[in-house]
Structure formats: C-alpha cells, structure tokens
Amino acid sequence: MKILVLGAGQLARMMALDGLPLNLELRAFDVGPGKVVHPLSGDSYEQSLAQAIDWADVITSEFEHIPYDVLDTCEQSGKMYPDAKAIKAGGDRRKEKQLLEQANVANAPHVIITDKASFEKALSELATPMVLKSALAGYDGKGQWRLKANDDANALYNELEAFLNANPSQAIVGEKMIPFDREVSLIGARAHDGSVKVYPLAVNHHYQGVLNLSIVDGKQSDALQQQAQQMFEAIANTLNYVGVLAIEFFVVGEKLLVNEIAPRVHNSGHWSQQGAFVSQFDNHLRAVANLPLGDTELRTPTAMINILGQDEVAPAIYSAPGTRVHWYGKDKRPGRKMGHINVSADDATQLIARIKDIAKLLPSDQFPGLHEYLENH
Ligand code: ATP
Ligand code: MG
C-alpha cells in the first residue's frame, strides 16, 4: 500500500521506518518547497502534488500547519485520514476550543481576542495571570505571551494589537493560567471501525515552552488513565477520527484539563519506539491503512529525552543500559529538534536512576529541562 504524508520532517521519517515491515511505501510532501520527496533520503520524486495524490492509496499528515488549499485538494481525493477538518482543528486554536466544547471535555477557560473590547473581556473574565496564544501557527511555545499582572495589560495590548494588524487572519486566544501539578499526554489510535487503543499516560516536562523530557513509568493512577481515555474517545469520536491523535493535559489534583490536541503522532509518544511492542508510528500507519491496531500496553518503563540544537552526544550514551539514540538527519540549528534518546528499565525506580546516570553525560546548558526536572525528582 502507498501512503503520502503531508510534511517531510522527523515524524514522516519515523513513520517511514516503521512502515517498512508492514510493506507500506511512503512518500512525503514537503509543504514549503512543494516537493514530493523520499521521507528518509529527502530525494525528490519530481512529482507534482496532484500526481502524488493519484499515486497514493492513503494520504495522511505529520503536522497541522498546512495551507488550506493543500488540505482541501487532498480531502477531495477521499483518501485523507485523519480528514482535513481534524487537521484544521489542530492548527487553529479557535477551532480547537470549539471542538473541546463540542466534545464536552474540560479545558482552560478562554476568550478569543480580536480587539480592545475582547481584550478587556478576557481581563475581566479570566483575570491575571493569563496565557495568550496566537490562534494560528503556534508550536513549541512560539506565538505566546504571558500576562502576569493587570499593571502590564496596556503594554501587552499594544503588542497584541501590532501583531493582529500585521497578521489579519490571526486572533489571540486568551486562556486562564492553570496552576497545574504536572503535564501529561495521551497518545491513542482510532481505527476505521471506530475502535480505539491508547498508550499509558506520559508525564511531560517542558522548558521554555518546548518538550524536553517524557516519562512513561506506569505510575499514573488508573483513575487518571481512564479519565484521559474517556476524553480521548469523546474528542476522537466527535471528529470521526482515523489515525493517531495526541492530547496534552494539565493535571490539577486528580482532575484533567485538556491543554491542546495534535492530530498526528507526537513528540511525547516517541518513547513507544521501545517502551511498547507497537510504536505510535506503526499504529498510526495501521489505522490509516485500515489494518488492525497493535498492542499499546507498556512493555517496559521508558523515558524520552529530546536532543535540541546538538548533533552529537557523548559516546558513552550509546552503550548505556536500556538506551538508544535516534537522530533525524537534520542540519544543526540552535534549539532545533535534532534527535532523541530513549531509555528503558525494569521498573520506575531503575528508570529514574538510569535517567540520572545518563544526565551526567548530558551538559545542563544543552539539556536544561532534563536537569531542571531531576533537581525536583
Ligand atoms: P506544542 O509544542 O506542544 O505544540 P504549543 O506551542 O502549541 O506547544 P502549548 O502546548 O499550548 O503550546 O503551550 C506550551 C506550554 O506552555 C504548555 O506545555 C504549558 O507548559 C504552558 N501553558 C500553555 N497554556 C497554559 C495555561 N493555560 N496555563 C498554564 N500553562 C500553560
Ligand atoms: Mg503543547
């Protein structure tokens, strides 16, 4: 079976790697230059998007910030999973908030800000501290502002107004700042027949808006896991979703609030390459290719450490127990997601010990989020 992936980054690459044993052939559409490329080598097929759509049996996506004309063209072929509506909901925080309301899942109270009046409304309804996010094109904490106190409101509004004037299709979603205990995410797959399989919850640690560390040690309570699964099903069923869907949550006490969704495989699911029998990439391909979903149970407690802006790690990492290094073959740029390290252990205690051992080989200026997390655990 032939699958066209919209987007040609590391997620398409890891899908292609897991597609090989399933006899699935993948090509990737690099949206920026508008080229159809091999997802591993990057070599161009000299094929137009229309030709690639014809070539494909199934079309899927590795990110949500795709121009609507591309999405709509793909949707018209009837081969697109998840469909354009789901991708658009992941790429526009206004649509995303509508979806969360429709699915009736708890999320951070919000106000959509387009002018001074709606900004004042946000101030009075949400109060400070507040998080403000651009409706479109947000990722890795980009396009976000924090309003700590009312005294700073005027200065911030001037900044938001300039942003909105320069970007007429944009809006700002003002959100109540949630004093969360921790952040977790649920990765799951929904098949053509509506059946669902979810992975165990990952605990995620962000540094300056970017995911640095995910830990899946099976220690999250059954109640939390069930709550997350129920919210996953509500959202996925509302979208009639097919494929892997990721949901990020804030944990407040024993209650979950949805932060955001990603209609695709997700960075906080990379641990599944060795912590589960069937990875999120494998399960995404199965879902869209209409194959039975695979085992999502935790096989071994596993953590994932992102490698940001570096193209090498200490050689001793490669031989550390339970550890594998995954590179994405990208050119080095500051802050860029270049690869990740997966480390597995027999149980949660051994896992944190192994993370601490590996952290000794990872300098704190290059892995600040990892070291920040370990200071408190
Ligand atoms: P991603 O890379 O996951 O796509 P993003 O840029 O889309 O990130 P969010 O996930 O919305 O942004 O926000 C990034 C981080 O900022 C969150 O993981 C969380 O730590 C913090 N954050 C976002 N919204 C809130 C909120 N309402 N209250 C408290 N913290 C928040
Ligand atoms: Mg996020």
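The values are calculated or read from the model by the stated rules, or taken from the named source; none is laboratory data. This one's a predicted model, so the numbers in the text were calculated from it and none came from an experiment. Because the Cβ atoms are built from the backbone with ideal geometry, glycine has one as well, and the counts that use them run over all protein chains shown. In case anyone asks, the SASA skips ligands and DNA or RNA and just uses the protein heavy atoms, side chains included. Shrake-Rupley method; radii C 1.70, N 1.55, O 1.52, S 1.80 Å.
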- Message: Looking at residue 149 and the list (1) outside the structural domain of residue 308 (by TED's automatic domain parsing); (2) of a type in the set (A, V, I, L, M); (3) within 13 Å of ligand 1 (Cβ to nearest atom), which single condition is not satisfied?
- Response: (3)
- Query: Does segment 84-104 hold any residues that are touching a residue at least 12 places away in the same chain (Cβ under 8 Å) and either more than 22 Å from residue 172 (Cβ to Cβ) or basic (Lys, Arg) (or both), and which are they?
  - Reply: 84, 85, 86, 88, 93, 94, 97, 103, 104
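Does residue 189 satisfy the criteria of being assigned to a helix (DSSP H, G or I) and more than 15 Å from ligand 2 (Cβ to nearest atom)? Can you show your working first?
Values: assigned to a helix (DSSP H, G or I): no; more than 15 Å from ligand 2 (Cβ to nearest atom): yes.
Considered against the rule, which asks whether it is assigned to a helix (DSSP H, G or I) and more than 15 Å from ligand 2 (Cβ to nearest atom), residue 189 comes out as no.
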- Pairs, please: C-beta under 9 Å, at least 6 apart or cross-chain, first residue touching a residue at least 12 places away in the same chain (Cβ under 8 Å) and not assigned by TED's automatic domain parsing to the domain that holds residue 295 and in segment 254-282, second open to solvent by less than 10 Å² (accessible area, probe 1.4 Å) and within 12 Å of ligand 1 (Cβ to nearest atom)? none
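For segment 293-302, check the following and say yes or no: at least one residue is within 16 Å of ligand 1 (Cβ to nearest atom) and touching a residue at least 12 places away in the same chain (Cβ under 8 Å). It would help to see each step written out before you state the result.
Within segment 293-302, the subset within 16 Å of ligand 1 (Cβ to nearest atom) is none.
No, segment 293-302 has no match at all.
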- Query: What number of residues within segment 153-182 satisfy the criterion of being within 16 Å of ligand 2 (Cβ to nearest atom) and of a type outside the set (D, E, K, R)?
  - Reply: 4
- Residue count, segment 109-152 (criterion: within 16 Å of ligand 2 (Cβ to nearest atom), of a type in the set (Lys, Arg) and either modelled with pLDDT under 90 or under 18 Å from residue 97 (Cα atoms) (or both)): 2
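Taking the condition small (Gly, Ala, Ser), open to solvent by 40 Å² or more (accessible area, probe 1.4 Å) and touching a residue at least 24 places away in the same chain (Cβ under 8 Å), does residue 195 pass? So that I can check it myself, show each step before the final result.
Working: small (Gly, Ala, Ser): yes; open to solvent by 40 Å² or more (accessible area, probe 1.4 Å): yes; touching a residue at least 24 places away in the same chain (Cβ under 8 Å): yes.
When the stated conditions are applied, residue 195 passes them.
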- Query: Just a yes or no: is a residue in segment 296-306 open to solvent by 40 Å² or more (accessible area, probe 1.4 Å), closer than 22 Å to residue 263 by Cα and in a loop (DSSP other than H, G, I, E, B)?
  - Reply: yes
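Tell me which residues, restricted to segment 205-219, are polar (S, T, N, Q) and surrounded by fewer than 18 Cβ atoms within 10 Å (Cβ to Cβ). Write out each step before concluding.
Residues of segment 205-219 polar (S, T, N, Q): 208, 212, 214.
Scanning segment 205-219 gives a single hit, 208.
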- Name, by its number, the condition in (1) in contact (Cβ under 8 Å) with a residue 60 or more places away in the chain; (2) under 18 Å from the mean Cα position of the chain (by Cα); (3) open to solvent by 10 Å² or more (accessible area, probe 1.4 Å) that does not hold for residue 176. (2)
- Task: Mind listing whichever residues of segment 234-282 are within 16 Å of ligand 1 (Cβ to nearest atom), open to solvent by 10 Å² or more (accessible area, probe 1.4 Å) and of a type in the set (S, T, N, Q)?
- Result: 259, 267
- Message: From the list 346, 282, exactly one residue is within 26 Å of residue 23 (Cβ to Cβ) and out of contact with any Lys or Arg (no Cβ under 6 Å at 6 or more places or on another chain). Which is it?
- Response: 282
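Name the strands (runs of 3 or more DSSP E) wholly inside segment 65-167 in which the number of residues that are open to solvent by less than 50 Å² (accessible area, probe 1.4 Å) and within 19 Å of residue 262 (Cα to Cα) is 3 or more. Outline the logic, then answer.
Working: elements: 110-113, 130-134, 144-147.
So the answer is 130-134.
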- Task: Scan segment 1-45 residue by residue and report those that are of a type outside the set (A, V, I, L, M, F, W, C), open to solvent by less than 70 Å² (accessible area, probe 1.4 Å) and assigned to a strand (DSSP E or B).
- Result: 27, 30, 44
- Task: With the checklist (1) under 28 Å from residue 237 (Cβ atoms); (2) assigned to a strand (DSSP E or B); (3) within 14 Å of ligand 2 (Cβ to nearest atom) in hand, flag the one item residue 206 doesn't pass.
- Result: (1)
